[in-house]
Amino acid sequence: MSSRAEVIARLTELMRGASTYRLLMHQVIADRLGLIMTDLKCLDAARDEPRLTPSRLAEITGLSTSATTAALDRLERRGFVRRIRDEHDRRRVFVESTGQHEAETARLFSPLVAATTAILDNYTDEQLAFITDFLEQLNAANAQLIRQQKAEGGSMPRGR
C-alpha cells in the first residue's frame, strides 16, 4: 500500500496532467472558433457574468486595460460579444454575449462534456459531493494564490 505522501504526490501529478490536457483541449476549441485562448476565456466570462463591464473583465482575467480592450475588439469583430451602453450612465459599458456562436461553441465542447459526464456517472451522489467540495476548495485556494501573486507584483524577465 502506498503511503499518504505517495498518494498525494500521485494525485498532484494527475491534477497537473488534467490541467494540461484541459488547457490543450481549450486551445484546440479556441483554434476551431478562430480565437486565441485569452479571447475564449473572456467569452466565458461574458457568458457567465451578467452586466459585465470591461473593467470587471480585466479584473477577472488579470489582463491590462489595453489587453482587455483588444480582446473585446476581436470578440466584437467576430460577432461573439457586443458592448452595450448603460441607459442610466452613458459612460458605463456592459459586455454581453451575442449568442450567435453559442450552438457552435456548444457543439465543439460537447465531446468534452459527454466524456466528463460519462466519467462522473461512475460515482455515487456522496462521492460527487466530495469531489465538488474538493474542487470548490481548490478553486478558492487558486483564486487566493493568484491575488497574492498579483499583489506581490513584478514578473520574471521573458526569454528572447
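The values are calculated or read from the model by the stated rules, or taken from the named source; none is laboratory data. In this text, all values refer to a predicted model and were calculated from it rather than measured experimentally. Quick reminder, even Gly has a Cβ in these numbers, built from the backbone with ideal geometry, and neighbours come from all protein chains shown. To get the accessible areas, we keep the full protein, side chains included, count just its heavy atoms, and leave off ligands, DNA and RNA. Shrake-Rupley method; radii C 1.70, N 1.55, O 1.52, S 1.80 Å.
Observations, loosely collected:
- A simple count of charges around ASP86, restricted to other residues whose Cβ falls under 11 Å of its Cβ and scoring Lys, Arg +1 and Asp, Glu -1, yields +4.
- Its residue count N sets the reference 2.2 N^0.38 Å, and the alpha-carbon radius of gyration of the range 22-160 equals 1.23 times that reference.
- Each Cα pair under 8 Å and six or more residues apart adds its sequence gap; the mean of these over the residue count of the range 34-111 is a relative contact order of 30 percent.
- Max mean-square fluctuation residue, GNM over the chain, Cα-Cα springs under 10 Å, options THR116, THR69, THR38: THR116
- Here the chain is assigned +1 on the Cβ of each Lys and Arg and -1 on the Cβ of each Asp and Glu. Its dipole about the Cα centre then comes out at about 860 debye.
- Top of ASP121, ASP73, ASP31 by mean-square fluctuation, Gaussian network on the chain, Cα under 10 Å: ASP121
- Among the chymotrypsin sites (Phe, Trp or Tyr not before Pro) in the range 37-144, those placed in a DSSP loop whose Cβ has at most 13 other Cβ atoms within 10 Å are TYR123.
- Note on the chain: with a GNM built from Cα contacts shorter than 10 Å, the maximum mean-square fluctuation among VAL28, VAL113, VAL95 falls on VAL113.
- Net charge contributed by nearby residues that have their C-beta within less than 12 Å of ALA140 (K/R +1, D/E -1): -1
- If R0 is 25 Å, the Cβ-Cβ spacing of LEU14 and ASP44 corresponds to a FRET efficiency of close to 0.55.
- Measuring max minus min along each principal axis, the C-alpha atoms of the range 70-135 give extents of 51, 26, 20 Å (largest first).
- Solvent-accessible area per residue, Å², over the chain with all protein chains present [probe radius 1.4 Å]: 75
- Convex hull volume of the C-alpha atoms in the range 1-77, normalised per residue: 118 Å³.
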